[in-house]
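Visitor: One structure, as structure tokens, below. Some questions next.
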Amino acid sequence: ALAGLLDARGGEVFLLATSDHGENLLDDERGLFQHALTEPTRWDTRVPVWLHANQAWRQRQPQRWARLRDHARVPAMQADIVPTLLGAAGIGYLEPRASVVDLGERPPPVRTRSVVRRLGQTVDWDRLP
């Protein structure tokens, strides 16, 4: 439904939607609250990213759209969102962190995706239960 509305809007449309957290935000009968409670898990911290571009945008940027589709299942991070959005808008951006990428340009390098366990303490996402 939303994709249809965006396609009918006219002009170029590119949309990226995501969440800032996974489960455990008073979203079921368990009444769990907090980002990952006391011990984060993959369930708590993995979030989807939804991309949509209308035909006009895809026609103007076919290579970028193809790369975004190719990178649909790569292990991305929230930090990749800003460079990806700016790249989709045609805005140049120099990211000083080598581990953060514009997913429309290249796939992420092999990297550690850190999750904050407690203030000042992080854990590698791939090691979460």
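The values are calculated or read from the model by the stated rules, or taken from the named source; none is laboratory data. Computed from a predicted structure; not experimentally measured. We place every Cβ from the backbone using ideal geometry, glycine too, and count neighbours over all the protein chains shown. Just so you know, the surface numbers come from the protein's heavy atoms only, side chains and all, with ligands and any DNA or RNA stripped out. Shrake-Rupley method; radii C 1.70, N 1.55, O 1.52, S 1.80 Å.
Visitor: Identify all residues within region 92-106 that are at pLDDT 90 or above, open to solvent by less than 70 Å² (accessible area, probe 1.4 Å) and not small (Gly, Ala, Ser); write none if there are none.
Guide: Correct list: 100, 101, 102, 103.
Visitor: Kindly indicate whether any position in region 12-19 is small (Gly, Ala, Ser), assigned to a loop (DSSP other than H, G, I, E, B) and either loosely packed, with under 13 Cβ neighbours inside 10 Å or at pLDDT 75 or above (or both).
Guide: yes
Visitor: Continuing with this model, one more query. Taking region 91-129, which residues are polar (S, T, N, Q) and in a loop (DSSP other than H, G, I, E, B)?
Guide: Taking region 91-129 as the starting set, the residues that turn out to be polar (S, T, N, Q) are 99, 112, 114, 121-122.
Within region 91-129, 99, 112 meet the criteria.
Visitor: For the structure I just gave you, tell me whether residue 61 is modelled with pLDDT under 95 and of a type in the set (S, T, N, Q).
Guide: No.
Visitor: Determine the pairs where a residue that is touching a residue at least 60 places away in the same chain (Cβ under 8 Å) and more than 11 Å from residue 44 (Cα to Cα), located within region 117-129, has a partner that is of a type in the set (D, E, K, R) and open to solvent by 70 Å² or more (accessible area, probe 1.4 Å) with Cβ atoms under 6 Å apart, the partner being 6 or more residues away or on another chain.
Guide: 123/117
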